[in-house]
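A quick write-up on the structure given underneath.
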Amino acid sequence: MTANWPINQWYVAGWDFEIDRMPLARTICGQPIMLYRRFNRSIVAMRDACPHRLLPLSMGIKEGDNIRCRYHGLLIDSHGQGIEMPLKSDKVVRTACVQTYAVVERHRFAWIWIGEAERADPSLIPDLWPCSEPGWTFDGGYYPIACDYRLMIDNLMDLTHETHVHAGSIGQPELLETPMETMSEGNQVFVKRWMPGIDAPPFWRNALKQDGPVDRWQICQFVAPSSVIIDVGVAPVGAGATIARHDQGVRGFVIDSMTPETPTTSHYFWGMARDFDTRDAGFTARFKAQQGGVFQEDLVILEAQQRSIERNPDLRLRSYNIDSGGVRARMVIDRLMKETVSIA
Ligand code: FES
Ligand SMILES: [Fe+2]
């Protein structure tokens, strides 16, 4: 199967809390990779294969910041360099080294650069600012999902699916009645919905801590190569909130970053950043559990969709108006893929 993701991009390799002293094995963009932290907490990302006979290094034994292969004992330092051969008296050969990857921790995630190492520029890391902004609280979880990461982007850029997929939780018929606006800006795509003067749904009424009509917004933003952040919230009618500026009420960002594992499987990093009740750790935990339940509902649909796509190779996906955000996001991905091909 051919790769369906652009290279020369930063992808989320893991949550900050997932990566520790012991190796974490994770396939990212088709490459088996091992991640762990040094004593100074910086993160190591290395090809997960011993340069000798290719046993996964993640099965190895940590010795300080180094790792010793569990098969014949080759010792590799945290920069991927062999420092001791299986026969200790042997001189270390030049080929006893492992590919390493640039990693930067930002916005609570470890970002890994997939592509030409010399082009890794941290200023290109997707700007998921609500995850690390003072005055905001952010937490979430991780699911492996057996589907093409682009199906998840389609899903998140089209919230009309909430009505049916999440009928028991966050779905609201009004989502099918509100017109939406789709626009692109460079490598970003926006789908905006503005719902003025509506009754706040229970979650937002509680967050706002008052009754009465509200203006509600939902702005889905695709951030290349594979993140979607959704600006959601409500403000009391008359508070002056607009689709362009809305800090008057309560606001959250649903954060989603999808990292391709293989062409038909993905890593899904999800969470919620919010600017209300930011010190309420119980709320954070309850909301995380609730959000995890909602995304499980998507997981069932997306994995069934992937299986159906594979069982129906003679049929193709069709796009309606509701798909305009996903269609444009895929156009950005296709363009980035062509650009990297032309560089290579
Ligand atoms: S396979 Fe790792 S030392 Fe032999
Ligand atoms: Fe969903």
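Summary of computed values
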read-out: The stretch 189-198, subset surrounded by fewer than 17 Cβ atoms within 10 Å (Cβ to Cβ) and out of contact with any helix residue (DSSP H, G or I) (no Cβ under 7 Å at 6 or more places or on another chain), residue farthest from Asn321 (Cα to Cα); value: Gly197
read-out: Criterion (polar (S, T, N, Q) and assigned to a loop (DSSP other than H, G, I, E, B)) met by exactly one of Ser89, Ser123, Ser58; value: Ser89
read-out: Flag for Ala49 being within 24 Å of Ser266 (Cβ to Cβ), surrounded by fewer than 16 Cβ atoms within 10 Å (Cβ to Cβ), within 16 Å of ligand 1 (Cβ to nearest atom) and modelled with pLDDT of 95 or more; value: no
read-out: Candidate set: the stretch 61-86, residues that are more than 21 Å from Asp20 (Cα to Cα) and part of a loop (DSSP other than H, G, I, E, B); chosen: the one farthest from ligand 1 (Cβ to nearest atom); value: Met85
read-out: Conditions (1) surrounded by fewer than 19 Cβ atoms within 10 Å (Cβ to Cβ); (2) in contact with a strand residue (DSSP E or B) (Cβ under 7 Å, 6 or more places away or on another chain); number of the one not met by Tyr268; value: (1)
read-out: Scope the stretch 53-93; condition within 16 Å of Pro32 (Cβ to Cβ) and buried (at least 18 other Cβ atoms within 10 Å of the Cβ); matching residues; value: Leu57, Ser58, Gly60, Ile67, Cys69, Ile76, Gly80
read-out: Residue within the stretch 99-117 that is more than 16 Å from ligand 1 (Cβ to nearest atom), farther than 21 Å from Cys220 by Cβ, exposed (fewer than 13 other Cβ atoms within 10 Å of the Cβ) and in the same structural domain as Arg38 (by TED's automatic domain parsing) present; value: yes
read-out: In the stretch 288-309, the residues that are under 23 Å from Arg205 (Cα atoms) and in contact (Cβ under 8 Å) with a residue 40 or more places away in the chain; value: Lys288, Gln290, Gln291, Gly292, Gly293, Val294, Phe295
read-out: Residue identified as in contact with a Pro (Cβ under 7 Å, 6 or more places away or on another chain) and buried (at least 19 other Cβ atoms within 10 Å of the Cβ) among Asp148, Asp154, Asp158; value: Asp148
read-out: Selected residue (only one of Val332, Val300, Val234, Val294 is in a strand (DSSP E or B) and either within 16 Å of ligand 2 (Cβ to nearest atom) or buried (at least 20 other Cβ atoms within 10 Å of the Cβ) (or both)); value: Val234
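So that you can scan it fast, the table gives a plain yes or no per residue for (1) closer than 16 Å to Asp231 by Cα; (2) more than 15 Å from ligand 2 (Cβ to nearest atom); (3) within 22 Å of the chain's Cα centre (by Cα):
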| site | (1), (2), (3) |
| --- | --- |
| Gly141 | no, no, yes |
| Asp148 | no, yes, yes |
| Asp154 | no, no, yes |
| His166 | no, no, yes |
| Met183 | yes, yes, yes |
| Val189 | yes, yes, yes |
| Pro196 | yes, yes, no |
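The values are calculated or read from the model by the stated rules, or taken from the named source; none is laboratory data. Everything numeric in this text was worked out from a predicted model, so none of it was measured. Counting neighbours? That spans all protein chains shown, and the Cβs are built from the backbone with ideal geometry, glycine included.
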